[in-house]
Amino acid sequence: FDILNETALSATSSWVDRRHAVEALGTIGDRRGTAAAITALRDEHVNVRVSAAIALGKIGNPQALPALREALTDTEETKVNAPTTVAENARKAIDLIENRGK
């Protein structure tokens, strides 16, 4: 299982497994994981999408900005863990990326 491979992430059946995989991408912080995290930003489960936005902020690759800006319209709220939205976390990720190095 290559976590940096976007098809490997999307092929995982359980949303919990997909969420853990995308969280690991953020922990690793390798820019090669950007495409996989962007794919997860479009996942069917809101918790995976929230984790993807957070991971993209940690990875810090400016190439993720268009996908994160698109995610600003995703206002679905999580039902598991602390309530939050993809849009809230996409905004935080955008701020992290845009302010990196300032």
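Rounded to whole Å and ordered largest first, report the semi-axes of the equivalent ellipsoid of the chain derived from its Cα gyration tensor (root of 5λ).
Output for the chain: semi-axes of 19, 17, 10 Å.
With a probe of 1.4 Å, find how much accessible area the chain has per residue, and write the answer as a whole number in Å².
53 Å²
For segment 52-102, with all protein chains present and a 1.4 Å probe, just round the carbon and sulfur fraction of the accessible area to a whole percent.
The value for segment 52-102 is 53 percent carbon and sulfur by accessible area.
Mean separation of Cα pairs under 8 Å and 6+ residues apart, divided by the residue count of the chain: what relative contact order is that in percent?
Value for the chain: 24 percent.
As a test of the formula, what do you get for the chain when each DSSP H run with n ≥ 4 contributes -39,500 (n - 2.57) and the sum is divided by the residue count, at 222 nm and rounded to the nearest 500 deg cm²/dmol?
Dividing the helical sum by the residues of the chain leaves -18000 deg cm²/dmol.
Residue farthest toward the positive end of the dipole of segment 12-102, with Cβ of Lys/Arg at +1 and Asp/Glu at -1: which of Ile94, Asn81, Thr39?
The residue sitting farthest along the positive end of the dipole is Ile94.
Restricted to Cα positions, what overall size does segment 48-102 have along the principal axes? Three whole-Å values, descending.
Principal axes ranked by extent give 34, 19, 15 Å for the Cα atoms.
The values are calculated or read from the model by the stated rules, or taken from the named source; none is laboratory data. This is a predicted model, so every value here is computed, not measured. Note that each Cβ is placed from the backbone with ideal geometry, even for glycine, and that neighbours are counted across all protein chains shown. Accessible surface areas use protein heavy atoms only, side chains included; no ligands, DNA or RNA. Shrake-Rupley method; radii C 1.70, N 1.55, O 1.52, S 1.80 Å.
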